[in-house]
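Engineer: Sending over a structure as structure tokens; questions will come in a sec.
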Amino acid sequence: MNSLPVSFSKKAIRTPESPISQFMELALSSPHLISLAAGMVDGGSLPAGPIASAVSSILNDPKTARAALQYGTTQGYGPLIGHIVEHVAKLDGKTPKELGVSVKDVLVTTGSQQLLYMLSELLLDAGDIVITESPSYFVYHSVLAGNGTRVLTVPMDDDGMITDELDILLEKLDRAGELQRVKLIYTVDYFQNPTGLTLSLERRKHLVEIVEKYAKKQRILILEDAAYRELRYEGDELPSVKSFDPKNQHVIYAGTFSKPCAPGLKTGYALMPNELIEPMVRLKGNHDFGSNNLSQHIICKLLETGDYSRHVEYLRGVYRQKRDAMMQALDAEFGDWLGVYWTRPKGGMFVWLTLPAEIETSPGSKFVKAALKEGVLYIPGEFGHVSESGHVPKNEARLSFGDATPKQIHEGMQRLRKAADSVLKTEAMASGAA
Ligand SMILES: Cc1ncc(COP(=O)(O)O)c(C=O)c1O
């Protein structure tokens, strides 16, 4: 006898299939494909040696071995939390006190993704509003969709989120009596995934001023996702948005060791207004009562020995070469095309490509098919947009230089150009025939 279908929760039904999973599967199952799609970090530079030394030093001492292999505390491994506070303050050229944070304001998470997810549980009821940049990190959009959150967006330019537009949007929501639904403003403010754009210094300050302005009417928190912050290849360091919040009231700073160290360790962290810590620890208790303890001990050791900062320095050199390769390849293949432009990121691993309007990049489009035939993969730009705010551009693409070698990047871009040429040729033939 056949059973009835399983009846899933509303949340499970609302949660969309990961838009890029099929692209990832394609990349993994077709070795001839050059993937400029994956958000993977560079495989060849993963710090196996330093991690092996850290593991052996932890496990060869019975005391540290027992501590690392036992359950830890829900908030995170104390010595690691101490290093995290020092580390972020140092990135800002400040002491923890000047930054307005202490070890009591930190939560260690299973990657920063867990933080993004848990914050939605902590702060958002269905119908509440989160404001994001447009485009933005599509996996976060998926978290919000599952949660029944309304997502409103603010456009970006070369200086990141246009904060004047954010101000206008909040005024509009205030007039419409909807301000009370606005809980979070989400920014990936360093070398954004997906565009590679970075929020300018002035706008960092402005962002905090905006939420301060509304703080008496509605406490709106800024979620600063600094996942790519440490991967800078040129230009001066920029202070965090968090650094403009010295009373630690408005900004949640999300960091991760995935990008600058190893995603396999799956360790992230948040520095946040202290009143959020206790409720977050309660929620995290229900999730997992603490992130992987061994990973936390390993990272702590890497920070202690200096291996971490040496690795980040090395990594910057590796990615700088790849970023340069992608810029050169784009210039070589698309430099002569009117109506094709792309971002020039100073860090991170993403470039945002805009093609002429007649080349649609959507899944199932002629261009995707042509690119697959040529053997190259990109992420359709529309995945980064949400539709409530109206227009979704169909001619954009996210390109990643994270995983491919410089040689593959050049080859991949030649293939992309061939794919674009073939689409235009068939379009021209079709219109000629019409
Ligand atoms: C912008 C952004 N935030 C957060 C994450 C989550 O990373 P993790 O959970 O590995 O720290 C990613 C991963 O790609 C990302 O691109």
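The values are calculated or read from the model by the stated rules, or taken from the named source; none is laboratory data. This one's a predicted model, so the numbers in the text were calculated from it and none came from an experiment. Every residue, glycine among them, receives a Cβ derived from its backbone with ideal geometry; neighbour counts consider all protein chains shown. Ligands, DNA and RNA are excluded from the accessible area calculation, which covers all protein heavy atoms including side chains. Shrake-Rupley method; radii C 1.70, N 1.55, O 1.52, S 1.80 Å.
Engineer: Filter the stretch 1-55 for residues that are of a type in the set (A, V, I, L, M) and assigned to a loop (DSSP other than H, G, I, E, B) and give the result.
Structural biologist: Going through the stretch 1-55, the residues of a type in the set (A, V, I, L, M) turn out to be 1, 4, 6, 12-13, 20, 24, 26-28, 33-34, 36-38, 40-41, 46, 48, 51-52, 54-55.
Answer for the stretch 1-55, where residues must be of a type in the set (A, V, I, L, M) and assigned to a loop (DSSP other than H, G, I, E, B): 1, 4, 6, 20, 33, 36, 37, 38, 40, 41, 46.
Engineer: If residue 258 satisfies every condition in (1) within 14 Å of the ligand (Cβ to nearest atom); (2) part of a loop (DSSP other than H, G, I, E, B); (3) surrounded by 21 or more Cβ atoms within 10 Å (Cβ to Cβ) but one, which is the exception?
Structural biologist: With respect to (1) within 14 Å of the ligand (Cβ to nearest atom); (2) part of a loop (DSSP other than H, G, I, E, B); (3) surrounded by 21 or more Cβ atoms within 10 Å (Cβ to Cβ), residue 258 is out only on (3).
Engineer: Pull out all pairs, ordered by first then second residue, where Cβ-Cβ is under 7 Å, the residues are six or more apart or on different chains, the first lies in the stretch 215-228 and is modelled with pLDDT under 95, and the second is open to solvent by 10 Å² or more (accessible area, probe 1.4 Å) and within 10 Å of the ligand (Cβ to nearest atom).
Structural biologist: Final answer for the pair search is none.
Here is a yes/no grid of residues against (1) within 16 Å of the ligand (Cβ to nearest atom); (2) free of Cβ contacts under 8 Å to residues at least 24 places away in the same chain:
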{"position": "243", "(1), (2)": "no, no"}
{"position": "247", "(1), (2)": "no, no"}
{"position": "271", "(1), (2)": "yes, no"}
{"position": "277", "(1), (2)": "no, no"}
{"position": "282", "(1), (2)": "no, yes"}
{"position": "288", "(1), (2)": "yes, no"}
{"position": "292", "(1), (2)": "yes, no"}
{"position": "307", "(1), (2)": "no, no"}
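Engineer: I've got another one for you. Check 37, 68, 48, 52 and return the single one that is among the hydrophobic types (A, V, I, L, M, F, W, C) and at pLDDT below 95. Quick ask: steps written out before the conclusion?
Structural biologist: Values: 68 fails: at pLDDT below 95; 48 fails: at pLDDT below 95; 52 fails: at pLDDT below 95.
Residue meeting the stated conditions: 37.
Engineer: Can you list the helices (runs of 4 or more DSSP H) lying wholly within the stretch 77-185 that have 1 or more residues being closer than 30 Å to residue 290 by Cα and at pLDDT below 95? Working first, answer last.
Structural biologist: On the way: elements: 78-91, 96-99, 111-123, 138-147, 163-175.
Output list reads 138-147.
Engineer: Please tell me if residue 87 is within 16 Å of the ligand (Cβ to nearest atom) and open to solvent by 10 Å² or more (accessible area, probe 1.4 Å).
Structural biologist: On the way: within 16 Å of the ligand (Cβ to nearest atom): yes; open to solvent by 10 Å² or more (accessible area, probe 1.4 Å): yes.
Spelling it out, residue 87 is indeed within 16 Å of the ligand (Cβ to nearest atom) and open to solvent by 10 Å² or more (accessible area, probe 1.4 Å).
Engineer: Here is a list: 91, 33. Which entry is in the same structural domain as residue 126 (by TED's automatic domain parsing), under 26 Å from the mean Cα position of the chain (by Cα), more than 14 Å from residue 300 (Cβ to Cβ) and among the hydrophobic types (A, V, I, L, M, F, W, C)? Even if it seems obvious, please write down each step before you answer.
Structural biologist: Details: 33 fails: in the same structural domain as residue 126 (by TED's automatic domain parsing).
Unique residue meeting the criteria: 91.
Engineer: Okay, next question. Go through (1) in contact with a Ser or Thr (Cβ under 6 Å, 6 or more places away or on another chain); (2) away from the ligand (no atom under 14 Å from the Cβ); (3) open to solvent by less than 40 Å² (accessible area, probe 1.4 Å) for residue 195 and report which single condition fails.
Structural biologist: (2)
Engineer: OK, next. Going by what's in this entry, would residue 137 be described as within 28 Å of residue 299 (Cβ to Cβ), within 12 Å of the ligand (Cβ to nearest atom) and touching a Pro at 6+ places or on another chain (Cβ under 8 Å)? Give the steps one after another, and end with the answer.
Structural biologist: On the way: within 28 Å of residue 299 (Cβ to Cβ): yes; within 12 Å of the ligand (Cβ to nearest atom): yes; touching a Pro at 6+ places or on another chain (Cβ under 8 Å): yes.
Yes: the conditions hold for residue 137.
Engineer: What number of residues within the stretch 41-73 are without any contact (Cβ under 8 Å) to a residue 60 or more places away in the chain and more than 27 Å from residue 231 (Cβ to Cβ)?
Structural biologist: Of the residues in the stretch 41-73, 8 are without any contact (Cβ under 8 Å) to a residue 60 or more places away in the chain and more than 27 Å from residue 231 (Cβ to Cβ).
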